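> Here it is, the structure in full.
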């Protein structure tokens, strides 16, 4: 998870495995640098919990050999007075920003987890957080029932599984209870999905009781 949070690259080495379509036929192969885009938890075929990580290949435009791989993070050697610039292309899911804005105004820009309202020169700031993520492999819906109004701190904590939410809206992993307005129906199936796939606590089972 540190690699995901800090944006650190991973060197991926694959060994022969008849069950994997990505594995070499024999021996080992260096496949280059990858970025950890996201992580989640699933129940494996044998019934045990396993953590999965979605990796994105970093295309550095050179050979993918271990000797030629170019690091994407430079070690600081002095003042970076003239930062470099690079062009990049990315794909993102188009979200219903009108729906997110409605929810923010609905809660008067206050965090549902802590009640904080952040004021700035441009007005109050709050973030719309999807309970079940929109991207693959989760494919959550961009609907009212799947969105929470959270401050930046609790948004990051929620996405990284530092806390989750029980069906009675009590917070799991941190103290407190989610503020839920009468006209905001939160999908319990989405909450259950987040607990199952993202809650990352040492004693997760006891926390859910």
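Coordinate-derived values only; no laboratory data. None of the values given here were measured: they were computed from a predicted structure. We place every Cβ from the backbone using ideal geometry, glycine too, and count neighbours over all the protein chains shown.
> Give me the one-decimal nm value for the distance between modelled label points at residue 160 and residue 30, 7 Å along each residue's Cα-to-Cβ direction.
The answer from the label model is 3.0 nm.
> Please say if the stretch 2-57 is rounded, prolate or oblate, where rounded means a/c under 1.5 for a ≥ b ≥ c the square roots of the C-alpha gyration tensor eigenvalues, and otherwise the choice is prolate for a/b larger than b/c and oblate otherwise? Please report the intermediate quantities before stating the final value.
Working: a/c = 2.94, a/b = 1.06, b/c = 2.77.
The shape class here is oblate.
> Using r as the Cβ-Cβ distance of residue 13 and residue 142, and R0 as 30 Å, what FRET efficiency do you calculate, to the nearest 0.05? Mind dumping the intermediate values first?
On the way: r = 37 Å, r/R0 = 1.25.
E(calc), rounded to 0.05, equals 0.20.
> Assuming a ≥ b ≥ c are the square roots of the Cα gyration tensor eigenvalues, decide whether the stretch 97-208 counts as rounded (a/c under 1.5), prolate (otherwise, with a/b larger than b/c) or oblate.
Details: a/c = 1.72, a/b = 1.40, b/c = 1.23.
Here the stretch 97-208 falls in the prolate category.
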